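A short write-up of the structure that comes next.
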C-alpha cells in the first residue's frame, strides 16, 4: 500500500499540468441512488455547486448538492449534502484529465414541513474525467464524475438509533477558473 501511495504521488507530481487558482463549478446529475437503513428512491435530478483551489495536480474543493427523494409510500424528502475534499488530477493529453476525490461530508434528508428528518456525516469518494478548455477570455473545463457518500445518520425523533446511508450520484458539469 505504501509503494502504491508513493507511486501515485510521484506520478501526480510529474504531470505537466501547471495551472493554479480558484475555480467555481456547476453540475447537474442523477438523483442520488441510495442504499442502507434509510430506503429512499430517486425523484428527479441533482444539482451541485463547487468551489475549489487548484495548485498543479492537487485541488481542495468545497461542494454542496441538493436533490429530491421519495419513500415507498410516496412521501417526498429533500436531500442536501455539503462536503470538503481533496482532489488529485492526472493529465492524459489533448486537454483530458482523470481525477480522484476523497473527503468529508455532511448529509441531511428532510421531509417538507419538518415532520421527519435525518442528518449525519461521513466520507465521500469518487472520480471522473475532465476536458480542459482555454477560452479567449477565461479558462475552464467540462467534467463527468461519480461520487459516493457514506454517512451515519441520526433521526430527528429517534435519537437512540443510527442509520447507515450510501448515496451515489453521476454528475455532468462545467468549471470556470476565476
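The values are calculated or read from the model by the stated rules, or taken from the named source; none is laboratory data. All figures in this text were calculated on a predicted structure; none of them were measured in a lab. Here the Cβ is made from the backbone with ideal geometry for all residues, glycine too, and neighbour counts use every protein chain on show.
Condition check ((1) under 18 Å from residue 40 (Cα atoms); (2) touching a residue at least 12 places away in the same chain (Cβ under 8 Å)) across all residues:
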{"position": "73", "(1), (2)": "yes, no"}
{"position": "81", "(1), (2)": "yes, yes"}
{"position": "101", "(1), (2)": "no, yes"}
{"position": "116", "(1), (2)": "yes, yes"}
{"position": "124", "(1), (2)": "no, yes"}
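Across the range 51-109, what is the total count of residues that are out of contact with any helix residue (DSSP H, G or I) (no Cβ under 8 Å at 6 or more places or on another chain), crowded, with 19+ Cβ neighbours inside 10 Å and in a loop (DSSP other than H, G, I, E, B)?
Residues that pass the stated criteria total 0.
Hey, can you tell me all the residues within the range 136-151 that are touching a strand residue (DSSP E or B) at 6+ places or on another chain (Cβ under 9 Å) and modelled with pLDDT under 95? Working first, answer last.
Within the range 136-151, the subset touching a strand residue (DSSP E or B) at 6+ places or on another chain (Cβ under 9 Å) is 138-151.
Within the range 136-151, 138, 139, 140 qualify.
Pairs, please: C-beta under 8 Å, at least 6 apart or cross-chain, first residue on the phi > 0 side of the Ramachandran plot and in the range 55-71, second assigned to a strand (DSSP E or B) and exposed (fewer than 15 other Cβ atoms within 10 Å of the Cβ)?
56/20
Test of understanding: among 30, 34, which residue is modelled with pLDDT of 95 or more, surrounded by 14 or more Cβ atoms within 10 Å (Cβ to Cβ) and closer than 21 Å to residue 150 by Cβ? Let's see the steps before the verdict.
Values: 34 fails: modelled with pLDDT of 95 or more.
Answer to the selection: 30.
Is one or more of the residues making up the range 166-177 surrounded by fewer than 19 Cβ atoms within 10 Å (Cβ to Cβ) and over 20 Å from residue 79 (Cα atoms)?
From the range 166-177, those surrounded by fewer than 19 Cβ atoms within 10 Å (Cβ to Cβ) are 166, 168, 170, 172, 174, 176; that's our starting set.
Still in the running and over 20 Å from residue 79 (Cα atoms): 174, 176.
Yes.
Working only within the range 122-148, note down all residues that are farther than 18 Å from residue 51 by Cα and either under 16 Å from the mean Cα position of the chain (by Cα) or not in a strand (DSSP E or B) (or both).
122, 123, 135, 136, 137, 148
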